[in-house]
Amino acid sequence: VGSWWLPIAFLGIYLLIMVALTRIRAETAVLSTELIWINPQTILPLMTGTESLSHTDLAHMGMLSWFNSDYRAAPMPHELEGFVGVRRAKGRLHPLVWAIMLAAAVALVSALLWDLQMYYVNGASTGKVNSWRISKGEEPWRGLQTWLVNPKPPNWVAMSAMAVGFAITFLLAALRQKFFGFPLHPAAYVLNTSFANDFFWLDMFIAWLAKTLILR
């Protein structure tokens, strides 16, 4: 059966990450955050330690990690943009909620069928398919094997680093609220931990330059 609190903690961390990604998207309009290592299956073992969790709990955590591999296609930022668009058009939000739920269900089934078709036609472990796809399928179970074979206590160093990160982020947010034109954005501090800067630095630079020339 496993511990009752683990799925709740897992989903709670997931929702907090979604809210943070949505705020980043709203304030920076970055196309994708690419936050790969910030997920519940990374954070929870550091906080609780794997030696204090049962094998069932660890297996559950591995099974729940399939939708937390990375957040380059996180749904909540796009949903927020849809809600804002409908509100500005003075439309009704209620139908949009049902449309999003239906689209999510259709997309999930379509993606699974498409992947299976691609693997059967081209061969999953061949040069015709990106090896990254296969490695991502193995990733949760490699992590589970590590937890089972090498259990560890809570990582206080990592938790201290998370606390420092929280403090710096909130400090930058407070300074940005207090001082008009404060140049350091808390979202930039977060994005520096990801690949987003590698992919979108030119886009963000052009957007910053255009905004600066228009406003100043």
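If a residue has to be open to solvent by 90 Å² or more (accessible area, probe 1.4 Å), of a type in the set (S, T, N, Q) and modelled with pLDDT of 85 or more to count, how many in the stretch 80-138 make the cut?
The qualifying residues number 1.
Restricting to the stretch 160-182, name every residue that is surrounded by 13 or more Cβ atoms within 10 Å (Cβ to Cβ) and either under 22 Å from the mean Cα position of the chain (by Cα) or of a type in the set (A, V, I, L, M, F, W, C) (or both). Don't jump to the end; show me each part of the working.
Here is the first cut: in the stretch 160-182, the residues surrounded by 13 or more Cβ atoms within 10 Å (Cβ to Cβ) are 162, 165, 168-169, 171-173, 175-176, 182.
Within the stretch 160-182, Met162, Gly165, Ile168, Thr169, Leu171, Leu172, Ala173, Leu175, Phe182 qualify.
Considering only residues that are part of a helix (DSSP H, G or I), open to solvent by 60 Å² or more (accessible area, probe 1.4 Å) and hydrophobic (A, V, I, L, M, F, W, C), which ones fall in the stretch 56-75?
Met63, Trp66
Suppose we filter the stretch 44-64 for residues that are over 11 Å from Leu144 (Cα atoms) and either of a type in the set (Gly, Ala, Ser) or modelled with pLDDT under 90 (or both); how many remain?
Of the residues in that region, 4 qualify.
Quick check: anything in the stretch 37-48 without any contact (Cβ under 8 Å) to a residue 12 or more places away in the chain, part of a helix (DSSP H, G or I) and open to solvent by less than 70 Å² (accessible area, probe 1.4 Å)?
Step one: of the stretch 37-48, the residues without any contact (Cβ under 8 Å) to a residue 12 or more places away in the chain are 42.
Pick out the ones that are also part of a helix (DSSP H, G or I) and you get 42.
Subsequent filtering for residues that are open to solvent by less than 70 Å² (accessible area, probe 1.4 Å) retains 42.
There is at least one residue in the stretch 37-48 that is without any contact (Cβ under 8 Å) to a residue 12 or more places away in the chain, part of a helix (DSSP H, G or I) and open to solvent by less than 70 Å² (accessible area, probe 1.4 Å).
The values are calculated or read from the model by the stated rules, or taken from the named source; none is laboratory data. Predicted model, so just to flag it, every value in this text is computed and none were measured. Cβ: placed from backbone, ideal geometry, glycine included. Neighbour counts: every protein chain shown. Please note that ligands, DNA and RNA were not included when accessible areas were found on the heavy atoms of the full protein model with its side chains. Shrake-Rupley method; radii C 1.70, N 1.55, O 1.52, S 1.80 Å.
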